[in-house]
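Here's the structure, in structure tokens; my notes come after.
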Amino acid sequence: MKKKYISFLFAACLLGTMPSCSDWLDVTQNIEKDADKMFDNYSGFKGALTGCYSDLTKRDLYGTRMTMSTVDALASLWYLDMSVDYYDYIKENYYLRNHDYSQTMSQSIFESIYSNMYNAVLEVNRVIQAFQEGKGLVISDAKSRAVVEGEAYGLRAFLHLDILRLFGQVPVEASIQVKLPYAEVTSFEQSLTYYTFDEYVSKLKEDIERAKLLLKENDPVGQYTLLELNQVGTKDSDVTLDDDFMSYRQYRMNYWAVRALEARIYLYLGDKAKAHDVALEVINAKTASGKNVVELSSFQDYGQATHKVYSSPSECLFSLHFANLHDISVPLLYGKPEVEGETNAGVVSAQRNLVMSTTWKDDLFVGCDPNDVREDIWSDTKDSQNHEYPTISKYYVEEDSPGIIPLLRLSEMYLIAMEGATTLEEVNTLYSKYMVSKNVSRSDYFKSFDDLKIELPKEYRREFFAEGQMFYFYKRNKTQRLWSNESMLMDEGLYIIPNPDTDF
């Protein structure tokens, strides 16, 4: 992006890292020429698309704020008590938990998320524009060409949905209308068009349809399971691909990830029947040989004797591979990293970590079967004063070990299908299968749809804690009292994050 390049180069001038600032314009023009050449070959397309996924791992996006911190703080999930002298990066979540959007801290966070979301969209748009200009023909294989283009449209839809869910109006029976840009431009200098909610949603659906059309007959997930595509090139694999870039589909916007996103969109819009039907398609997805494309996996991941993985990687339809997750998750969630000479190193602290209270943690699993493996995700950690603060192990990885951040999981498809089901028989069949993956075997679950309505928010909290989904559940239902913050009455306006006054 031009503004990104200019900002970088201007900073370089100030730091004296360039021969002279009089060369600034020439260097800028050379960088722009290099960017134009990026799509002269397939490697350039690969690099550009990989860069789009890399953008999502930024801390202001899904690396932290859109998953484990900011959006879950808006859902009042973290234990935050202003009597504690918090570090600033924890204090900001206190204001968000109490929906105080007037604070400078809050406004700065929203502006950063908003800017980075649209920056990521503009990067995706560069890939889309290259295809629109016919440059995609440098990708000789038609299937690979279609997959790369389809992923770009799927990513654009993914980002725009979360912009809508965070900064847009409530999706049903809104008394407050909000216009937002559906960005199809490729630079900051191009003017943006702001759309009404319905117009924005129409654009969103168009991108989903384009992605589906491009991916359906071309994505290798039609031939192989996600696990098989993760193992290409290893001793455990007998799968060969003509294009190795088509492996590791779980970390990319594959066809079934797009369909899962489609189900999420319809549910958010209140069309539970369509959401149900699409979610069932994802649940029942098969390869050409009849294998399940992906299966529920919580028990498979949690139940390993060693190297337990609590982020449910096996059932992810779309996730981010994070090379340095330890560097982000440990200081934020598990205690200060051990630093020589510092006291209380490695000890959890309510001042500097996002934690739970023991009461909330117990309430999270009240009434649950004691065999439910999801309770294992919580550690009963204590601070230096022996106060107990449960911490979530979902993102714990050893130093220098890669981790994943889930963005779309099969568990969500089960809950979506249950919410849209029209018979209790179907609800209970789906829930039974869902709970077996949590190491719970029962058949007598819901006696009425009212029972289901009561249980669904509990399941979302247990399942997607620190994944940034609970606030959107509350928003689409216009929930007035939030779990763990019932003294505060939510209204429609508090569900609409202020639209920052920024040009990105």
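Could you look through the range 119-168, keep only residues that are aromatic (Phe, Trp, Tyr) and within 18 Å of Asn218 (Cβ to Cβ), and pick out the one that is farthest from the chain's Cα centre (by Cα)?
Within the range 119-168, the first condition is being aromatic (Phe, Trp, Tyr), and the residues that meet it are 131, 153, 158, 167.
Filter once more, keeping what is within 18 Å of Asn218 (Cβ to Cβ): 131, 153.
Numbers: Phe131: 26, Tyr153: 17 Å.
Once the filter is applied, the top-ranked residue is Phe131.
Does the range 52-64 include one or more residues that are at pLDDT below 80 and surrounded by fewer than 17 Cβ atoms within 10 Å (Cβ to Cβ)? Before you say what the answer is, go through the steps one by one.
We begin by selecting, within the range 52-64, every residue at pLDDT below 80; these are none.
No, because not a single residue in the range 52-64 is at pLDDT below 80 and surrounded by fewer than 17 Cβ atoms within 10 Å (Cβ to Cβ).
Considering only the range 265-279, how many residues are under 21 Å from the mean Cα position of the chain (by Cα) and under 24 Å from Tyr224 (Cα atoms)?
Looking only at that region, the number is 2.
Determine, yes or no, whether Leu320 is surrounded by 19 or more Cβ atoms within 10 Å (Cβ to Cβ), hydrophobic (A, V, I, L, M, F, W, C), at pLDDT 85 or above and in a helix (DSSP H, G or I).
So Leu320 fails the test.
From Asp85, Asp141, grab the single residue that is surrounded by fewer than 19 Cβ atoms within 10 Å (Cβ to Cβ), under 30 Å from Lys361 (Cβ atoms), out of contact with any Phe, Trp or Tyr (no Cβ under 8 Å at 6 or more places or on another chain) and in the same structural domain as Cys52 (by TED's automatic domain parsing). Before you say what the answer is, go through the steps one by one.
Working: Asp141 fails: under 30 Å from Lys361 (Cβ atoms).
Asp85 is the lone residue from the list that is surrounded by fewer than 19 Cβ atoms within 10 Å (Cβ to Cβ), under 30 Å from Lys361 (Cβ atoms), out of contact with any Phe, Trp or Tyr (no Cβ under 8 Å at 6 or more places or on another chain) and in the same structural domain as Cys52 (by TED's automatic domain parsing).
All but one of (1) farther than 30 Å from Thr479 by Cβ; (2) assigned to a helix (DSSP H, G or I) hold for Ser115; state the number of the condition that does not hold.
Among (1) farther than 30 Å from Thr479 by Cβ; (2) assigned to a helix (DSSP H, G or I), the lone unmet condition for Ser115 is (1).
Starting from residues that are outside any loop (DSSP other than H, G, I, E, B) and among the β-branched types (Val, Ile, Thr), keep the ones in the range 233-265 and report whichever is surrounded by the fewest Cβ atoms within 10 Å (Cβ to Cβ).
Ile265
Is it the case that the range 409-416 has a residue that's in contact with a strand residue (DSSP E or B) (Cβ under 7 Å, 6 or more places away or on another chain) and of a type outside the set (A, V, I, L, M)?
Looking for residues that are in contact with a strand residue (DSSP E or B) (Cβ under 7 Å, 6 or more places away or on another chain) and of a type outside the set (A, V, I, L, M), one finds at least one in the range 409-416, hence yes.
Yes/no matrix, rows are residues, columns are (1) hydroxyl-bearing (Ser, Thr, Tyr); (2) modelled with pLDDT of 95 or more; (3) within 15 Å of Leu166 (Cβ to Cβ):
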| position | (1), (2), (3) |
| --- | --- |
| Asp88 | no, no, no |
| Asn93 | no, no, no |
| Tyr101 | yes, yes, yes |
| Met117 | no, yes, yes |
| Val127 | no, yes, no |
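Considering the range 431-449 alone, what residues qualify as being in contact (Cβ under 8 Å) with a residue 60 or more places away in the chain and farther than 22 Å from Pro313 by Cβ?
Arg442
Kindly establish whether Ile109 is touching a helix residue (DSSP H, G or I) at 6+ places or on another chain (Cβ under 9 Å), of a type in the set (A, V, I, L, M) and not in a helix (DSSP H, G or I). Let's see the steps before the verdict.
Details: touching a helix residue (DSSP H, G or I) at 6+ places or on another chain (Cβ under 9 Å): yes; of a type in the set (A, V, I, L, M): yes; not in a helix (DSSP H, G or I): no.
No.
Hey, among the residues in the range 160-201 that are of a type in the set (Phe, Trp, Tyr) and assigned to a helix (DSSP H, G or I), which one's surrounded by the most Cβ atoms within 10 Å (Cβ to Cβ)?
Applying the filter and picking the extreme gives Tyr200.
Which condition does Leu215 not pass, out of (1) at pLDDT 95 or above; (2) touching a strand residue (DSSP E or B) at 6+ places or on another chain (Cβ under 7 Å), if it passes all the others?
So the condition that Leu215 fails would be (2).
The values are calculated or read from the model by the stated rules, or taken from the named source; none is laboratory data. This is a predicted model, so every value here is computed, not measured. Heads up, the Cβs are rebuilt from the backbone with ideal geometry, glycines too, and the neighbour counts pull from every protein chain shown.
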